[in-house]
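Values quoted throughout were computed directly from the atomic coordinates according to the rules given, and no laboratory measurement underlies them. Everything numeric here is computed off the predicted structure, so don't read it as measured data.
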Amino acid sequence: MNSLDEFNQTCITECYELLADMEARLLAVDCDAPADMEQLNAIFRCAHSIKGGAGSFGLDEITSFTHVLEELLDAMRLGKVALTYDGVDTLLK
């Protein structure tokens, strides 16, 4: 395996770790309480990091998808979109 393949594999491994972190944080969301901005920011950072890694390797579909995800999460952080259990379920899917 050459160094580019190793870097690619490291990126993929990190993306799986970020997805696991995002999932755990989404499962911990309590939509009946005021939005936990620290959690929302952490979820946003996971999506942002995945987008950056995908962009580095020209994975355009993942980059485009996570860009839309970032926009949704940003709207939630700004209070423009309510964080609901249905929304969390959609994000988990």
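Here are some notes:
- Equivalent ellipsoid semi-axes, the chain, via Cα gyration tensor eigenvalues times 5, rooted, Å: 28, 13, 10
- Relative to one another, the C-alpha centroids of segment 22-44 and segment 57-93 are positioned 13 Å apart.
- Counting only whole DSSP H helices of the chain, the ones at least 24 Å long by C-alpha along their axis and with mean Kyte-Doolittle hydropathy no lower than 0.0 are 3-27, 37-56.
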